[in-house]
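Visitor: Shown below is the structure under consideration.
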Amino acid sequence: MKNFFSKYKWALLGSFIFFVIVVPALINWAFKLQTPYNFFAAEWSAGDVLSFYGAMLASVATIVGVYLSIDYAQRNYREDEANRVRPYLALTHYKSKSRSSLSSLLSEPSGNEPNRSSDEYYEEYKFDKVFIVIGSDGIVFKDDLSESQKQSLMAGGIGLVQDSSSKRSLRPQTLVSMPFEIENVGSGAALNTMIVFYRKDKKRRGVNVFTIKTGESVYCHIFCDEQNPSLYGEYVLELIYGDILGNCYSQKYNVEFGINSESGKFFNGIDLAGKQKREPQS
């Protein structure tokens, strides 16, 4: 209906001016004229004619309004029915990794097949794990943690610290480890989903995990084990995705870690109240 009024707005405006202003003015003007023949003399007054005209105009407007309302409701019903059964083919991009020895590729046996050792492989996998690593060189998006980072997790932040006396001792260190599961609990697929993470007032960076179907989930882990106070502060975890109708949505979560000014202890946390916001279409 919005498109109808937008398309015919000038015609509707002209019709309104003609039937509401011009016609009543003509009726009023006609009753002020003197007719030369008694046959054309009206037995009604101008007020009676205007009342009759107003009633007829209101009846026509009501009929047109009811027709437009029914037509609009039917088109909406057909569109809703189409959306319920509308198929959508989701494309999932697989990542791949491989390891091979150059010597096995250069040495070919009699069968013209290169020698393959047991530790060589080629693997394709779905990108459903995103590790966000905060470091001095910036924010890096990875599909796994390094061995040293995994050891930091297993040790719970306990690490060897070099003393001034050249001795090393085990001491607790600051460790940011925030694992999450991002699950699509809505009624439609989340298309072109991006996981974005950035420091407040800094440039946004993210990675595309493609489509998350209804009931599917993606693993996300925010990690930082560097003992660098310059990394402390406020960050934003943002989820950006679309639906099959072309609408775009975003959800933002505030992340913060650092030293508490009152207790002097290290803390990290996230505000899980990520309000969904519909982005304007460009």
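Any read-out appearing in this document is the output of simple, stated calculations on the displayed coordinates, not a laboratory observation. No experiment lies behind these values; they were computed from the predicted model shown. No Cβ is skipped: glycine too gets one built from the backbone with ideal geometry, and neighbour counts run over all protein chains shown.
Visitor: Each label point is 7 Å from the Cα along the Cα-to-Cβ direction; what then is the distance between the points at residue 62 and residue 205, in nm?
Guide: Reported label-point gap for residue 62 and residue 205 is 6.7 nm.
Visitor: So if R0 is 25 Å, what FRET efficiency would residue 183 and residue 154 give, r being the distance between their Cβ atoms, rounded to the nearest 0.05?
Guide: Efficiency, from the Cβ-Cβ distance: 0.40.
Visitor: Shape of segment 173-252 from its Cα gyration tensor (a ≥ b ≥ c, root eigenvalues): rounded if a/c is under 1.5, otherwise prolate when a/b > b/c, or oblate? Don't jump to the answer; show the numbers that get you there.
Guide: Working: a/c = 3.42, a/b = 1.93, b/c = 1.77.
Cα axes put segment 173-252 in the prolate bin.
Visitor: Given labels modelled 7 Å from the Cα in the Cβ direction, how far is it in nm from residue 22 to residue 217?
Guide: About 6.7 nm, to one decimal.
Visitor: How high is the FRET efficiency from residue 275 to residue 76, r the C-beta distance, R0 41 Å, rounded to 0.05?
Guide: Between residue 275 and residue 76 the formula returns 0.90.
Visitor: Pull out the extension gain between residue 265 and residue 250, defined as 0.36 nm times the separation in residues minus the alpha carbon to alpha carbon distance; nm, one decimal.
Guide: Value of the extension gain: 2.1 nm.
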